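*Asks:* Here's a structure for you.
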Amino acid sequence: MSRPVTLSQALIGTPSLSRQIGLVLFGTVLVGMSAQVSVPMFPVPMTLQTLAISLIGLTYGSRLAAVTLLAYLAQGAVGLPMFAGGAAGMPYLMGTTGGFLIGFVGMAWLTGWLVERGLDRGIFKLFIAAFIPALLLFVPGVLWLWAITPLTLEGAFISGAWPFQLGGVVKSAVAALIVTGGWQALRARRG
């Protein structure tokens, strides 16, 4: 049984190294821009990053999505203003949002992996492929927050996970709608 083709593969064919680099750069810009759409909350801001990461995972597949998020983290770590509010550098990466930032790599990989395992078409399957990894992102995020702040585990959950649950459902649904629309547009274009 062959792996399902991702939307990016369907659009550009078997990607060459230069196309893969282009996709990675596009993805890092998308995540960086989505980080700037931010609602300041303490200790973790609410951003559109998880929507962007879901889109990357749903369209790139596991490996390319994970590489994209590793590149994003590297860009932010070396000083590019990639994180929420234009923040950058290792101190920010190791701060209160560090568990989420590092967890983005796993979220992107798992989203792509689920797509490669058959959750690649149809709004419900795509929603599941986006929602499960987005929900699991709270594990490293909350544990990191608990480890580096004086918050209890319950306090870390209440401040670092609870306020984001409705947004996670909405962002997963939006990602599924966008990718479903992408597949439909591709089918229509091909006739």
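*Asks:* Please specify each residue of the range 41-54 satisfying the condition of being in a helix (DSSP H, G or I), in contact (Cβ under 8 Å) with a residue 60 or more places away in the chain and not hydrophobic (A, V, I, L, M, F, W, C).
*Replies:* Thr50, Ser54
*Asks:* Restricting to the range 9-40, and then to whatever is in contact (Cβ under 8 Å) with a residue 40 or more places away in the chain, over 16 Å from the mean Cα position of the chain (by Cα) and not in a loop (DSSP other than H, G, I, E, B), can you tell me which residue is surrounded by the fewest Cβ atoms within 10 Å (Cβ to Cβ)?
*Replies:* Going through the qualifying residues, I end up with Leu11.
*Asks:* Another question about this same structure. Considering only residues that are loosely packed, with under 15 Cβ neighbours inside 10 Å, among the polar types (S, T, N, Q) and in a helix (DSSP H, G or I), which ones fall in the range 147-172?
*Replies:* Gln165
*Asks:* Check off (1) among the charged types (D, E, K, R); (2) closer than 19 Å to Gln184 by Cα; (3) modelled with pLDDT of 95 or more for Asp120 and give me the number that stays unchecked.
*Replies:* Here Asp120 meets the rest and fails (3).
*Asks:* Looking at the structure I just gave you, is Gly22 at positive phi and not β-branched (Val, Ile, Thr)? Reasoning before the result, please.
*Replies:* On the way: at positive phi: no; not β-branched (Val, Ile, Thr): yes.
No: the conditions fail for Gly22.
*Asks:* Looking for whichever is at pLDDT 95 or above and not in a helix (DSSP H, G or I) here; the options are Gly57, Gly95. Which one fits?
*Replies:* Gly95
The values are calculated or read from the model by the stated rules, or taken from the named source; none is laboratory data. No experiment lies behind these values; they were computed from the predicted model shown. So basically every Cβ, Gly included, is an ideal-geometry build from the backbone, and we count neighbours across all protein chains shown.
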